[in-house]
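Step one of this worksheet: look at the structure below.
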Amino acid sequence: MDHKKEIAVRLSKITGLSEEETFKLLEIPPQLDMGDFAFPCFVLAKTLRKAPPMIAADIAADESLKDSVFEAKNVGPYVNFFIDRSHLASQTIKDVLSSGDGYSSSDEGSGKNVIVEFSSPNIAKPFHVGHAFTTILGNSLSRIYKKLGYNVIRMNHLGDYGTQFGKLITAFRLWGDEDKLNEDPITELLRIYVKFHEEEKNDPSLTESARENFKKLEDGCPEEVALWKRFRDMSLVVFEKLYKRLHVEFDNYNGESFYSDKIPAVVDMLREKGLLTESQGAQVVMLDEYDLPPCIILKSDGTTIYASRDIAAVLYRKETYNFDKNIYVVGIPQALHFRQVFSVLKKAGYECADNCEHVGFGLVKFKNMKFSTRDGNIVLLEDLLNEAVAKTREVIVENAKTRGTDMTEEEIDDIAEKVGIGAVIYTYVKSGRERDIVFSWEEMLDFEGDTAPYLIYTYARTRSILRKAAENGIDYSTDKEKASLLTSEEEYALIKSIADFPGSVNKAAASNEPFMISRQISLIARNFNRFYNNSRIINLEDEDLKKARLLLCEAVCDIISEGLDLLGIDVVERM
């Protein structure tokens, strides 16, 4: 039984509100002694012309809310619902253990297509920690939507076009080193790109050369296209190594260049609808009615810009995928750009504009951290990952010595890689995405704080309990009905946080906020450790309660693993 849904159905019949509206209004009280769900009666005060506490009293007394599974009580202006502990414990444990890694799965998105555009690095430039934000956030959102039954199309809209490639072509012809390009393509391409900007200050002819080369690229001239393709392919090889390390996959790598030949049709469409206006030689769409500045479609020299390519991309995606959602995981500074793009589409009469959404995120900052950067002004993601893994390995080795744990070098390396990279990923998703991230090794690798190491360690600790039970010949798998014995305060707090996990996944999708999940699994881990530190399990004399608590341990493992997987983080069996 979905208790929240059942309560919403009954309340809707009493209040006259729709089931959907009632479901959304139901809250989870901040404390266990306040019940499992609470319905605020403020929303009914105006129509019923009664004080909320009086309305709550009337609703709580309604005969249709009498049930053996839950009890309704009015608490001030709220109707609070108390689920029978034995019933919830039994149902929750059975549901978790029977669903494997699919406890939070649903068919909410069945038959619906969601495009998630994320990562989208610039070709021929280093993959730095800023790119990691969109990559990690987008990867998590893709997993969340897939979990809810949506058909997810993961798109990597590569920055593989624009005037910077005219500059790069010019720079390579003047200063490029073939051997260095083959050895370390990104470093060499960055070197000549930086040199171009330095030389351009004193040599205006370089600027003109770059414009000419980009125009040739847009016109499909063989030599320029061949160089561009070479830079693109080399960059993708480097990027793929990082994606593999982060367990990130894409269904489509159509970058900006893919849409270049589709822009003429966009320009013709806007012109036919009478939306194009000339402004200082450029072609723009005025957006005064949306309180936005004009959106440039073509520059004065006739070349395209981001907006024209993004408009073409939306129309292509709608025709190709018939998307229900088209999500752009791009930094907050690009908010105006996307508002302009969506508004142009809206003004042109395309309803799909309403299904396009910009999912912005904050900045990345550092606290007392030093890295070996290759150009002196950016922090490379590869350096950050390597440092995190190295520092984690030191902790793992030290802990193994202290506890006398026997581990092979291969096992230590595997654990360090998973925990270290998990620590980096979690730092990006443990708070609301619009908040700036401040990296601190001390905080990231704290095995007792709100970190991936803490969550992974909790999983490993729980797995250790289950292994010990198996070694002692304790078979609890066939006694799932024993879960009804889990009614103590600590047991119930843990079970309640597990039962609320699917709701956190739904909230994460509704708000495009993976931290809804990280917050919930962190709560589950804290509740488990509180239960673990105050309860006997293996050495308990009561055999029935022992089996019940082992069932609870297994459920905790399943949920932490499922939750971390939605964030893109691996677990380890021991630490």
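Assorted remarks:
- Of the residues VAL397, VAL389, the single one that is over 28 Å from the mean Cα position of the chain (by Cα), in a helix (DSSP H, G or I) and of a type in the set (A, V, I, L, M, F, W, C) is VAL397.
- Only one entry of GLU108, GLU117 meets the criterion of being touching a helix residue (DSSP H, G or I) at 6+ places or on another chain (Cβ under 9 Å), at pLDDT 95 or above and not assigned by TED's automatic domain parsing to the domain that holds GLY503, and that entry is GLU117.
- Some residue of the stretch 117-133 being among the aliphatic types (A, V, I, L, M), under 15 Å from the mean Cα position of the chain (by Cα) and within 22 Å of ILE521 (Cβ to Cβ): yes
- Answer from ASN534, ASN529, ASN506 - the residue that is surrounded by fewer than 23 Cβ atoms within 10 Å (Cβ to Cβ), under 20 Å from the mean Cα position of the chain (by Cα) and touching a residue at least 12 places away in the same chain (Cβ under 8 Å): ASN506
- Figure legend. Inter-residue proximity from the stretch 124-151: first residues in the same structural domain as LYS507 (by TED's automatic domain parsing), second residues crowded, with 22+ Cβ neighbours inside 10 Å and not in a strand (DSSP E or B), beta-carbon distance below 9 Å, spacing 6+ or different chains. No pairs are indicated.
- Residues being touching a Gly at 6+ places or on another chain (Cβ under 9 Å), within 27 Å of ALA499 (Cβ to Cβ) and surrounded by fewer than 24 Cβ atoms within 10 Å (Cβ to Cβ) - total across the stretch 99-142: 8
- Unique residue being in contact with a Phe, Trp or Tyr (Cβ under 6 Å, 6 or more places away or on another chain) and within 22 Å of SER257 (Cα to Cα) when the list is THR170, THR163: THR163
- Of everything in the stretch 286-311 that is part of a helix (DSSP H, G or I) and not hydroxyl-bearing (Ser, Thr, Tyr), the residue that is nearest to the chain's Cα centre (by Cα) is ASP310.
- Residue satisfying condition, being within 30 Å of VAL438 (Cβ to Cβ) and surrounded by 18 or more Cβ atoms within 10 Å (Cβ to Cβ), within set TYR161, TYR145, TYR150: TYR145
- Against the test of being over 26 Å from LEU137 (Cβ atoms) and aromatic (Phe, Trp, Tyr), the options PHE250, PHE231, PHE239 yield a single qualifying residue, PHE231.
- For the stretch 27-70, the candidate set comprises residues that are under 30 Å from LEU486 (Cβ atoms) and free of Cβ contacts under 8 Å to residues at least 12 places away in the same chain; within that set, the residue that is nearest to the chain's Cα centre (by Cα) is PRO30.
- Within the stretch 12-26, no residue that is on the phi < 0 side of the Ramachandran plot and not assigned by TED's automatic domain parsing to the domain that holds ALA38 sits with its Cβ atom under 7 Å from a residue that is outside any loop (DSSP other than H, G, I, E, B) and surrounded by 14 or more Cβ atoms within 10 Å (Cβ to Cβ) at 6+ positions apart or across chains.
- Residues that are polar (S, T, N, Q), in contact with a helix residue (DSSP H, G or I) (Cβ under 9 Å, 6 or more places away or on another chain) and free of Cβ contacts under 8 Å to residues at least 24 places away in the same chain, drawn from the stretch 201-239: THR207
- Odd one out for TYR476 among (1) under 29 Å from ASP36 (Cβ atoms); (2) within 29 Å of the chain's Cα centre (by Cα); (3) modelled with pLDDT under 95: (2)
- Pick from the stretch 425-452, criterion loosely packed, with under 14 Cβ neighbours inside 10 Å and among the acidic types (Asp, Glu), ranking: modelled with the highest pLDDT: GLU434
- Residue in the stretch 196-210 that is outside the structural domain of GLU513 (by TED's automatic domain parsing) and closer than 26 Å to LEU384 by Cβ present: yes
- Across the stretch 42-63, the number of residues qualifying as of a type outside the set (A, V, I, L, M), closer than 14 Å to GLY76 by Cα and in a helix (DSSP H, G or I) comes to 4.
- Selection from the stretch 391-449 of residues that are within 25 Å of TYR243 (Cβ to Cβ) and of a type in the set (Phe, Trp, Tyr): TYR426, TYR428, PHE439, TRP441
- Residue match in the stretch 447-456 (condition: within 21 Å of the chain's Cα centre (by Cα), closer than 30 Å to GLN91 by Cβ and not in a helix (DSSP H, G or I)): yes
- Residue within the stretch 472-479 that is among the polar types (S, T, N, Q), touching a residue at least 12 places away in the same chain (Cβ under 8 Å) and crowded, with 18+ Cβ neighbours inside 10 Å present: no
- Among residues of the stretch 1-28, those that are crowded, with 16+ Cβ neighbours inside 10 Å and not in a helix (DSSP H, G or I), counted: 2
- Figure legend. Inter-residue proximity from the stretch 401-420: first residues over 21 Å from ALA452 (Cβ atoms), second residues modelled with pLDDT under 95 and outside any helix (DSSP H, G or I), beta-carbon distance below 8 Å, spacing 6+ or different chains. No pairs are indicated.
- Matching option when the condition is at negative phi, touching a Ser or Thr at 6+ places or on another chain (Cβ under 7 Å) and either among the basic types (Lys, Arg) or surrounded by fewer than 22 Cβ atoms within 10 Å (Cβ to Cβ) (or both), among PRO204, PRO185: PRO185
The values are calculated or read from the model by the stated rules, or taken from the named source; none is laboratory data. Predicted, not measured: the structure shown is a model, and the values here were computed from it. A quick note on method: Cβ atoms are made from the backbone with ideal geometry, for glycine too, and the neighbour counts reach across all protein chains shown.
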